[in-house]
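First the structure, in the form of C-alpha cells, and then the observations on it.
The values are calculated or read from the model by the stated rules, or taken from the named source; none is laboratory data. Everything quoted here is computed from the prediction, not taken from an experiment. Heads up, the Cβs are rebuilt from the backbone with ideal geometry, glycines too, and the neighbour counts pull from every protein chain shown. Quick note on the areas: whole protein, heavy atoms, side chains included, nothing else; ligands and nucleic acids left out. Shrake-Rupley method; radii C 1.70, N 1.55, O 1.52, S 1.80 Å.
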Amino acid sequence: MAGSTPLQQWRQAGRWPECLDRIWSQLEQRHGRSCGTREMITLVRVGSVAGWGRLVAAVEEALRLGVTDAAAVLHILYMPDPEQRRRYALDLADELAQFERPMPVMDDYDLLLTGTTGGIQ
C-alpha cells in the first residue's frame with residue numbers, strides 16, 4: 001500500500017492528509033509493519049463507506065487523545081458528535097483507555113526456543 005499508485009495520486013491531489021501518515025506510522029510501531037498496514041487498510045476501507053472527512057476527523061481526534069489503535073479510531077468515528085458527548089458527559093479519553101494495551105515482552109519465551117534456561121531451574 002505504501003508505494004501504491006493510488007496513494008501517490010491521493011497525496012499529489014491533497015486528499016491524503018499528514019494525520020493519516022502519522023497514525024499509520026504509529027500503527028506500524030505498535031503492531032509491526034505488516035499488521036500495522038492491515039490496520040490502516042481497515043481504516044481506509046471504513047472511510048470509503050462512512051465518509052472520508054469523518055475518518056480524517058476521527059484520526060485527528062485519536063492522535064490528539066494519544067490513542068494509537070484502529071479500534072479506537074473506529075470507536076471515535078462511530079461516537080456521537082462532540083456536542084452529544086458533552087450533553088451526556090462522556091469522557092472520551094477515559095472510554096478509549098480500554099483499547100490501549102501494553103505489548104507483551106516475549107524475552108523469556110525466546111529462552112525456551114534456544115533450549116537455555118538462563119539459570120532458571
List the helices (runs of 4 or more DSSP H) that sit entirely inside segment 1-80 and contain at least 3 residues that are modelled with pLDDT of 90 or more and out of contact with any Ser or Thr (no Cβ under 8 Å at 6 or more places or on another chain). 18-31, 33-50, 52-65, 70-78
Pairing a residue in segment 43-54 that is over 13 Å from W16 (Cβ atoms) with any residue that is part of a helix (DSSP H, G or I), where Cβ atoms lie under 8 Å and the two sit 6 or more apart in sequence or on different chains, gives V46/L55; V46/L74; V46/L77; A50/L77; A50/Y78; R54/G47; R54/L77
Of all residues being open to solvent by 50 Å² or more (accessible area, probe 1.4 Å), at pLDDT below 70 and among the charged types (D, E, K, R) in segment 81-90, which is farthest from the chain's Cα centre (by Cα)? Just the residue, please. R87
